[in-house]
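For reference, the structure is listed below as structure tokens.
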Amino acid sequence: MLDIFSKLTFLSIFTDIKEFFNKQIPVADWVDEAVKWTTDTFSWFFDPIKEDFGDQLEKFAELLADIPPSIVIVITVIIAFFLSGKKFGLPSFTLVGLLFIYNQQLWEQLMSTFTLVLVASLISVIVGIPVGILMSKSKWAEAIIKPILDFMQTMPAFVYLIPAVVFFGIGMVPGVFASFIFATPPVVRFTNLGIRQVSKELVEASDAFGTTGSQKLFKVELPMAKTTIMAGVNQTVMLSLSMVVIASMIGAPGLGRDVLSALQRASAGTGFVAGLSIVILAIIMDRITQNINKEKS
């Protein structure tokens, strides 16, 4: 009798477990409700960003486009010349590349793309470096933030477009938002790594001289970690630029929109020219940010 009761109990538990796993957990519904609640509750925050900040971005892009291209090209070439140690490789490439983009009548799109990348990168650096400093100073903060960074880096980039559109509509603002989320992790990780790699002897020496926490951070740790931090900034800029084409799917202007349009019309030539222009911009920005680091190191 006891054996029969045990078997019936086991079968009942097994059935309950089976029913539990057969029933779908409504994660999608939970996320939809959370997004809807966030949108409704914080509309006072999202709406001004969508309207005012979006207008400012468009005006800045128009301002850059109104500057004569010859002036922009000359200034960029001069910057590349001095940052490269007065060598002619990078300035020559910059000159030829920018003249090619201008010749292909993509200058206005180039300025829109540059605006998106510049703003997204600046926001990522402004947010990322303090977060990286916090991680380097607190094991608890590092334990909490690391999984979040892993989540941000492994999530497909297209997924970021969904909350961007929900919160900010379409245009340049959601493109900046998606680029910011996608591009922030490197500068956070590299800042944390750079500060943690500062020689313990230097830190102990600064403590021995009675430096405060802020003095030690700004006069010892950050200067010693700047090479690593700048490497993170460089990666952040490159990741922001890699979001250009993806952000065009939600209305972000620039060279990415030309690539997307060429894809929709199966126009190989137009897509190649726009893609090549993005590559030229990427190489110029990559080399300039790298040489800024070398110049100051």
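The values are calculated or read from the model by the stated rules, or taken from the named source; none is laboratory data. Predicted model, so just to flag it, every value in this text is computed and none were measured. Don't worry about glycine lacking a Cβ; one is built from the backbone with ideal geometry, like all the others, and counts go over all protein chains shown. Note: areas computed on protein heavy atoms with side chains; ligands, DNA, RNA excluded. Shrake-Rupley method; radii C 1.70, N 1.55, O 1.52, S 1.80 Å.
Data for the structure
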| read-out | value |
| --- | --- |
| Calculated FRET efficiency for the pair Asp32/Phe218, C-beta based, R₀ 45 Å, to 0.05 | 0.50 |
| Within a Gaussian network of the chain (alpha carbon springs, distance under 10 Å), most fluctuating of Phe158, Phe168, Phe209 | Phe209 |
| Cross-link pairs Lys87/Lys226; Lys137/Lys200; Lys137/Lys216; Lys50/Lys146 - those with Cα-Cα distance over 22 Å | Lys87/Lys226; Lys50/Lys146 |
| 1.4 Å probe accessible area per residue over segment 156-297, in Å² | 46 Å² |
| Length-normalised contact order for the chain - Cα pairs under 8 Å, 6+ apart - percent | 21 percent |
| ³J(HN,Hα) computed for each position of segment 245-258 - Karplus, 6.51 cos²θ - 1.76 cosθ + 1.60, integer Hz, glycine/proline x | 5, 5, 5, 5, 5, 10, x, 5, x, x, 5, x, 5, 5 |
| Between segment 182-220 and segment 131-181, the alpha-carbon center distance in angstrom | 24 Å |
| Shape call, segment 166-297: gyration tensor on alpha carbons, a/c limit 1.5 | prolate |
| Aspartates and glutamates with Cα under 12 Å of Lys86, excluding same-chain neighbours fewer than 8 positions away | Glu295 |
| Charge context of Trp107, other residues only, Cβ under 13 angstrom, K/R +1, D/E -1 | -4 |
| In degrees, nearest ten, helix 27-41 long axis to first principal axis of the chain (Cα) | 60 degrees |
| Heavy-atom accessible surface of the chain: percent carbon and sulfur, 1.4 Å | 69 percent |
| Förster radius 30 Å - calculated FRET efficiency between Ala208 and Ser138 (Cβ-Cβ, nearest 0.05) | 0.80 |
| Highest to lowest packing among 273-284, 133-144, scored as the average C-beta count within 10 Å | 273-284, 133-144 |
| Contact order normalised by residue count of segment 130-266, Cα under 8 Å, 6+ apart, percent | 31 percent |
